[in-house]
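Student: Got a structure for you, questions after.
The values are calculated or read from the model by the stated rules, or taken from the named source; none is laboratory data. In this text, all values refer to a predicted model and were calculated from it rather than measured experimentally. Cβ placement follows ideal geometry from the backbone for every residue including glycine, while neighbour counts extend to all protein chains displayed.
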Amino acid sequence: MADQKEVPGDAPLIGGVEECTIVLVPYRQEWAETFRLHRERIAAALGSGALDIDHIGSTAVPGLEAKPIVDVLVAVADSADEDAYLPAMEDCGYVLRVREPDFEEHRMFRTPERDVHVHVLSEGSPEIERYLRFRDALRATPFLRARYQELKRALAAQGPQDMNAYARAKSEFVEAIIRWSRRTDRRAPQLAPGGG
């Protein structure tokens, strides 16, 4: 396993903070296909250990500008039990980037090209419901999609920053959408092709 470098105020990042320029691009139909290919790769690698695999994040929302990074959510029995999935994920080319034992035992892998992020959580984690609820609310509600896109553009215009800072800057809006979604039950619509 790679050495872990803890960064005060940030997620436990393996390899430390990486400053980058946030670049948003128009929605691409190919993101659904990228998700499908990685879902198949992960399902083959983990077998029955992958209890659910979903496409999340902005690339899962048709019409929404996004960083060209496809986010995949994988539910496993126990994400703290890395021996059950980490070797298989590494064997099929994913690199462990984030280990968060204090945040729902979240793990995040990425491709060497950094164009796919795979989030691993335990089945039943409240974070799974939150990811899916936020995605579905954006898929179903054009005015929320437009407001989220405006926020992302404003943050991207601020110049180079690390991904965690970018995510934290969006967190208040994300939380508001999740609360709104729970009040209005905006989980049902599934507008994007290509599964999850």
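Student: Within the stretch 1-14, take every residue that is assigned to a loop (DSSP other than H, G, I, E, B) and modelled with pLDDT of 75 or more and give me the one that is farthest from Arg110 (Cα to Cα).
Tutor: Pro12
Student: Only one residue in Leu73, Leu46, Leu121 is buried (at least 18 other Cβ atoms within 10 Å of the Cβ), outside any loop (DSSP other than H, G, I, E, B), touching a residue at least 12 places away in the same chain (Cβ under 8 Å) and more than 17 Å from the chain's Cα centre (by Cα). Which one?
Tutor: Matching residue, one of Leu73, Leu46, Leu121: Leu46.
Student: Here's another thing I want to ask about it. Whether any residue in the stretch 18-32 is within 15 Å of Asn164 (Cα to Cα), at pLDDT below 90, not aliphatic (A, V, I, L, M) and not in a loop (DSSP other than H, G, I, E, B) is what I want to check.
Tutor: Yes, there is a match, as at least one residue in the stretch 18-32 is within 15 Å of Asn164 (Cα to Cα), at pLDDT below 90, not aliphatic (A, V, I, L, M) and not in a loop (DSSP other than H, G, I, E, B).
Student: Report, ordered by the first and then the second residue, all pairs with beta carbons closer than 8 Å, sequence separation of six or more or different chains, a first member in the stretch 163-177 that is at pLDDT 85 or above, and a second member that is not in a helix (DSSP H, G or I).
Tutor: Close Cβ pairs (under 8 Å, with a partner that is not in a helix (DSSP H, G or I)) amount to Tyr166/Ile22.
Student: Continuing with the same structure: Is it the case, given these coordinates, that Glu113 is surrounded by 15 or more Cβ atoms within 10 Å (Cβ to Cβ), within 28 Å of Asp81 (Cβ to Cβ) and modelled with pLDDT of 95 or more?
Tutor: Details: surrounded by 15 or more Cβ atoms within 10 Å (Cβ to Cβ): no; within 28 Å of Asp81 (Cβ to Cβ): yes; modelled with pLDDT of 95 or more: yes.
No; evaluated as a whole, the condition is false for this residue.
Student: Checking the structure you have, find out if any residue of the stretch 85-103 is outside any strand (DSSP E or B) and within 17 Å of Ala167 (Cβ to Cβ). Lay out the reasoning, then the answer.
Tutor: So in the stretch 85-103, the residues outside any strand (DSSP E or B) come out as 85-94, 101-103.
Next, from what is left, pick out any that are within 17 Å of Ala167 (Cβ to Cβ): 102-103.
Within the stretch 85-103, one or more residues are outside any strand (DSSP E or B) and within 17 Å of Ala167 (Cβ to Cβ).
Student: Contact list please: Cβ distance under 6 Å, first residue in the stretch 94-109 and closer than 14 Å to Asp78 by Cα, second residue in a loop (DSSP other than H, G, I, E, B) and of a type in the set (A, V, I, L, M, F, W, C), pairs at least six apart or on different chains.
Tutor: As it stands, the answer is Glu100/Ala11; Glu105/Ala80, since those pairs meet every condition given.
Student: In this structure, is Leu64 in a loop (DSSP other than H, G, I, E, B), in contact (Cβ under 8 Å) with a residue 60 or more places away in the chain and crowded, with 19+ Cβ neighbours inside 10 Å? Before the answer, list the steps.
Tutor: Values: in a loop (DSSP other than H, G, I, E, B): yes; in contact (Cβ under 8 Å) with a residue 60 or more places away in the chain: yes; crowded, with 19+ Cβ neighbours inside 10 Å: yes.
Spelling it out, Leu64 is indeed in a loop (DSSP other than H, G, I, E, B), in contact (Cβ under 8 Å) with a residue 60 or more places away in the chain and crowded, with 19+ Cβ neighbours inside 10 Å.
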